[in-house]
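Trainee: Right, I'll just put the structure down here and ask away after.
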Amino acid sequence: MEHSQFFKYYQNLFGPRWNALALALQGESVYHKLQFAENREPYFLDEASYFAAKQLGVLPGMEVLDMCAAPGGKTLVLASALAGAGSLQSNDRSLARRQRLLRVLDDSLPEASRKIVSVSGHDASRFGLHRKECYDRILLDAPCSSERHVIASPAHLAEWSEKRIKRLSQEQGALLAAAVDAARPGGQIVYSTCALSPAENDDVVRKILKKRAGVIRVVPLTPEIEGTEKTEFGLHLLPDTCGGRGPIFCAKLEKV
């Protein structure tokens, strides 16, 4: 297994660090318990993912979009921050994932929060066309390589190739462009992935800053979890330095 394309690629990317990081990726995550009422089901979300969702800075009364919301942990964080005032559109194109999202929302959210959350199944890359400048806050937790899941699956390891990273980075760029177009002036976007490669993280942000030059700016984020690493445009939380949390990359953009 250590000679697969996957391991060679990340060995080249991380150098001597890769052995420790690969081991940490196969270890247990550290979870934040979300429970909004005693009569509601708890939800356990990786603490790095919880951190990323909190960075959106949602306040009651805002109009919020979670572009790729399933399975639902981050959307629970956003709904809780709204405190029953405003609106949250939780979107996922996949029917199966959307059904899981609905179950999570129905099981975990109290009525006051659940009633302001709508679930949709749109192609998220088209939000900028149909919902132009409509949202105060947008979370784009983009589909990504999800190496923590790949490394745990012999079947996914066997299928992995660098072409997948290239394809995903193009999709992520289209989604982020749609998020920028769907945000109101003064609105903010958090772009996040659970990917390791800069091709899916800082490089995607770099491209949108060039593509939408003068339209958006980077908002610096403050590390709150020990071991968090600053990148060119955001933060990277990796399990070998963050006590098992992550991986999560997140960057914050503001429409000016």
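The values are calculated or read from the model by the stated rules, or taken from the named source; none is laboratory data. On a predicted model such as this, the values are computed, not experimentally measured, just so you know. Positions of Cβ are backbone-derived with ideal geometry, glycine not excepted, and every protein chain shown enters the neighbour counts.
Trainee: Looking at the range 102-112, which of the residues that are in a helix (DSSP H, G or I) and under 21 Å from the mean Cα position of the chain (by Cα) is surrounded by the fewest Cβ atoms within 10 Å (Cβ to Cβ)? Show your work before the answer.
Mentor: So the first thing to find is which residues in the range 102-112 are in a helix (DSSP H, G or I), and the list is 102-108, 111-112.
Those still in the list that are under 21 Å from the mean Cα position of the chain (by Cα) too: 102-105, 108.
Values: L102: 16, R103: 13, V104: 21, L105: 21, S108: 23.
Ranking the candidates gives R103 first.
Trainee: For the range 34-50, enumerate the residues that are touching a residue at least 12 places away in the same chain (Cβ under 8 Å), farther than 19 Å from E147 by Cβ and not in a helix (DSSP H, G or I). Outline the logic, then answer.
Mentor: The initial filter retains those residues of the range 34-50 that are touching a residue at least 12 places away in the same chain (Cβ under 8 Å), namely 34-37, 40-50.
Applying the additional criterion that residues be farther than 19 Å from E147 by Cβ yields 34-37, 40-44, 50.
Residues satisfying the conditions are L34, Q35, F36, A37, R40, E41, P42, Y43, F44.
Trainee: Looking at the range 161-188, I want the residues that are at positive phi and have a partner that is modelled with pLDDT of 95 or more and assigned to a strand (DSSP E or B) with Cβ atoms under 7 Å, at least 6 apart or on another chain. Which pairs are those?
Mentor: G186/K255
Trainee: Of the conditions (1) surrounded by 14 or more Cβ atoms within 10 Å (Cβ to Cβ); (2) over 16 Å from the mean Cα position of the chain (by Cα); (3) closer than 18 Å to M62 by Cβ, K115 satisfies every one except a single condition; which number is it?
Mentor: (1)
Trainee: Further question on the same structure: Among S192, S169, which is surrounded by 24 or more Cβ atoms within 10 Å (Cβ to Cβ) and outside any loop (DSSP other than H, G, I, E, B)? Walk me through how you get there before you give the answer.
Mentor: Values: S169 fails: surrounded by 24 or more Cβ atoms within 10 Å (Cβ to Cβ).
Checking each option against the conditions leaves just S192.
Trainee: Name every residue in the range 122-155 that is without any contact (Cβ under 8 Å) to a residue 12 or more places away in the chain and part of a loop (DSSP other than H, G, I, E, B), in order of residue number.
Mentor: Taking the range 122-155 and keeping what is without any contact (Cβ under 8 Å) to a residue 12 or more places away in the chain, we get 130, 149, 153, 155.
S153 - this is the single residue of the range 122-155 that is without any contact (Cβ under 8 Å) to a residue 12 or more places away in the chain and part of a loop (DSSP other than H, G, I, E, B).
Trainee: Among the candidates A195, A213, A251, A199, which residue alone is in contact (Cβ under 8 Å) with a residue 60 or more places away in the chain and hydrophobic (A, V, I, L, M, F, W, C)?
Mentor: Numbers: A195 fails: in contact (Cβ under 8 Å) with a residue 60 or more places away in the chain; A213 fails: in contact (Cβ under 8 Å) with a residue 60 or more places away in the chain; A199 fails: in contact (Cβ under 8 Å) with a residue 60 or more places away in the chain.
Result: A251 is the single residue among A195, A213, A251, A199 that is in contact (Cβ under 8 Å) with a residue 60 or more places away in the chain and hydrophobic (A, V, I, L, M, F, W, C).
Trainee: With respect to L139, determine if the residue is over 22 Å from I189 (Cα atoms) and surrounded by 15 or more Cβ atoms within 10 Å (Cβ to Cβ).
Mentor: When the stated conditions are applied, L139 does not pass them.
Trainee: Can you give me the ranges of the strands (runs of 3 or more DSSP E) entirely in the range 208-256 with at least 2 residues that are surrounded by 15 or more Cβ atoms within 10 Å (Cβ to Cβ) and in contact with a Ser or Thr (Cβ under 6 Å, 6 or more places away or on another chain)?
Mentor: Working: elements: 216-219, 235-237, 248-255.
Answer list for the range 208-256: 235-237, 248-255.
Trainee: Test of understanding: among E41, E28, E63, E47, which residue is more than 22 Å from the chain's Cα centre (by Cα) and not small (G, A, S)? Spell out how you get there, then give the answer.
Mentor: Numbers: E28 fails: more than 22 Å from the chain's Cα centre (by Cα); E63 fails: more than 22 Å from the chain's Cα centre (by Cα); E47 fails: more than 22 Å from the chain's Cα centre (by Cα).
Just one listed residue meets the conditions, E41.
Trainee: Would you please name the residue that is surrounded by the fewest Cβ atoms within 10 Å (Cβ to Cβ), looking only at residues in the range 156-166 that are assigned to a helix (DSSP H, G or I) and of a type in the set (A, V, I, L, M, F, W, C)? Steps first, please.
Mentor: The initial filter retains those residues of the range 156-166 that are assigned to a helix (DSSP H, G or I), namely 156-159, 162-166.
Those still in the list that are of a type in the set (A, V, I, L, M, F, W, C) too: 157-158, 165.
On the way: L157: 15, A158: 11, I165: 18.
Top of the filtered list is A158.
Trainee: Looking at L76, is it buried (at least 21 other Cβ atoms within 10 Å of the Cβ) and either assigned to a strand (DSSP E or B) or of a type in the set (D, E) (or both)? Spell out the reasoning first.
Mentor: Details: buried (at least 21 other Cβ atoms within 10 Å of the Cβ): yes; either assigned to a strand (DSSP E or B) or of a type in the set (D, E) (or both): no.
For L76, the condition - buried (at least 21 other Cβ atoms within 10 Å of the Cβ) and either assigned to a strand (DSSP E or B) or of a type in the set (D, E) (or both) - is not met.
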